[in-house]
1. Suppose a student asked you for the relative contact order of region 146-211, using Cα pairs under 8 Å spaced at least 6 residues apart; what percent would you report?
2. Which value, to two decimals, describes the C-alpha radius of gyration of the chain once divided by 2.2 N^0.38 Å?
3. Considering only protein heavy atoms and a probe of 1.4 Å, how much of the accessible area of the chain is carbon and sulfur, as a whole percent?
4. Below 8 Å between Cα atoms, with a sequence gap of 6+, how large is the relative contact order for region 142-290 in percent?
5. In whole Hz, with x marking every Gly and Pro, tabulate ³J(HN,Hα) for region 368-382 from phi via Karplus 6.51 cos²θ - 1.76 cosθ + 1.60, θ = phi - 60°.
6. So for the chain, averaging the separation of alpha carbon pairs under 8 Å that are six or more residues apart and normalising by length, what relative contact order in percent results?
7. In nm, to one decimal, how far is the SER135 label point from the ARG329 one, both placed 7 Å along Cα→Cβ?
8. Please compute the per residue accessible area over the chain with all protein chains in place, 1.4 Å probe, rounded to a whole number of Å².
Amino acid sequence: MAEELLHQSPAILDANNRDLTAGRQKNLSESMLDRLRLDEKRVFSMVEGIRRAASLPDPVGRILHSWNKVNGLNFQKISVPIGVIGIIYESRPNVTSDAAILCLKAGNAVILRGGSEAIHSNIAINASLQKGAVSAGLPAEAIQLIPVTGRDAVRILCEMDEFLDCIVPRGGKGLIENVVSHARMPVIKHYEGLCAVYVDKEADLSMARKITLNAKCQRPGVCNAAETLLLHREIAAAFLNDGGMALLKEGVELRCDHNTLSLFPPALLNLYSSQVRTASKEDFLTEFLAPVLAVKTVESLDEAITHIDAHGSHHSDAIVTADTKAAERFLQEVDSATVYWNASTRFTDGGEFGFGCEIGISTEKLHARGPMGLEELTSYKYMIRGNGQIRC
């Protein structure tokens with residue numbers, strides 16, 4: 001499948017150009033176009049994702065637990081495929097490849113329904129994957145792509161609980177809410193990526209600048225990008241003079257609470273007046289998916305944790321500090337799927353976790369949480385072996 005994807009990359013890129021042209025005509029935002037865009041590097045990344053996933057251990061048939069009872073019964077808890085998985089997603093055509101290979105590797109069949117904006121790219125990628133699968137002796141039907149773009153296709157798929165065992169939606173909040181409202185089978189999801197970086201009073205400010213810039217600026221339009229920056233009062237002015245200026249130079253708009261604005265260096269306010277605004281309450285509840293960052297000054301670690309709990313989406317949050325005790329408290333008490341100490345939230349990704357690639361990111365608490373790889377695409381069953389035992 002990886003080889004076929006690489007071989008067909010010119011046709012895939014040509015199809016993607018058709019989608020990009022149509023997207024510009026429809027006035028898609030730059031963040032949406034970035035998600036949609038493929039180039040040789042991104043195609044090769046898909047290829048490498050397939051190869052990494054293929055090299056990972058088989059997740060099916062693992063003995064998760066084994067024990068014997070005094071009556072002679074032997075119990076085994078064994079990993080098994082989930083079955084047929086539906087993936088409903090927007091924009092990113094690389095999801096077609098990631099979802100197909102992970103579902104297939106875990107013994108599942110997959111039905112893909114991408115967004116209308118990427119229809120040509122998705123069809124080209126799916127055709128390559130099917131061809132590669134067939135050449136390896138697998139049925140083409142194990143990977144299916146819904147080739148129509150009408151909204152009814154999502155509703156119909158969500159109602160097919162006699163055929164699908166679960167659905168994983170990937171996209172904006174509106175898409176996910178639509179899937180949840182219609183689905184008759186379990187849905188594994190996250191609604192938003194309201195990720196925060198907290199710069200503690202004991203932070204190395206050079207490290208804090210680097211991490212914050214990466215978390216916000218590397219790819220602002222993705223769910224693991226930082227949307228909120230929390231600054232401890234004791235270091236807020238110093239950080240703004242350095243890290244704040246770096247963010248402004250990168251074109252980031254800073255929406256600051258009143259305490260932060262009072263600490264802002266006047267020279268920076270004058271120089272970047274168009275990029276510094278007073279934050280509203282809604283700004284700390286907004287997934288901007290753009291070069292916009294809500295900034296708040298807090299009095300303590302407790303206030304930072306309380307803010308994240310009240311305003312975050314339990315996706316990815318980070319603390320920057322040299323204080324081990326404070327870091328461990330943050331790691332233990334922030335109730336998010338992934339929590340970081342002195343690292344960027346941008347690492348919340350199946351590939352970065354060593355999963356090869358990912359099927360999505362879950363903020364649920366049952367079955368799967370965080371980046372979903374092969375293990376999260378399996379269920380389990382119990383196998384009990386006896387020699388005539390009956391229950392008295």
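The values are calculated or read from the model by the stated rules, or taken from the named source; none is laboratory data. Keep in mind that this is a model prediction, so the values were computed, not measured. Positions of Cβ are backbone-derived with ideal geometry, glycine not excepted, and every protein chain shown enters the neighbour counts. Heavy atoms of the whole protein, side chains included, go into the accessibility calculation; ligands, DNA and RNA do not. Shrake-Rupley method; radii C 1.70, N 1.55, O 1.52, S 1.80 Å.
1. Numbers: 52 pairs, mean separation 18.9, N = 66.
Over region 146-211, the number comes to 29 percent.
2. Details: Rg = 23.4 Å, N = 392, 2.2 N^0.38 = 21.3 Å.
Dividing the Cα radius of gyration by 2.2 N^0.38 Å gives 1.10.
3. Details: 9220 of 18150 Å².
Whole-percent figure for carbon plus sulfur exposure: 51.
4. Numbers: 177 pairs, mean separation 28.7, N = 149.
Relative contact order comes out at 19 percent.
5. 9, 9, x, x, 9, x, 4, 4, 6, 9, 10, 10, 8, 9, 9
6. Working: 802 pairs, mean separation 75.6, N = 392.
Relative CO of the chain lands at 19 percent.
7. Once both label points are built, they end up 5.8 nm from each other.
8. On the way: 18150 Å² over 392 residues.
Result: 46 Å² of accessible area for each residue.
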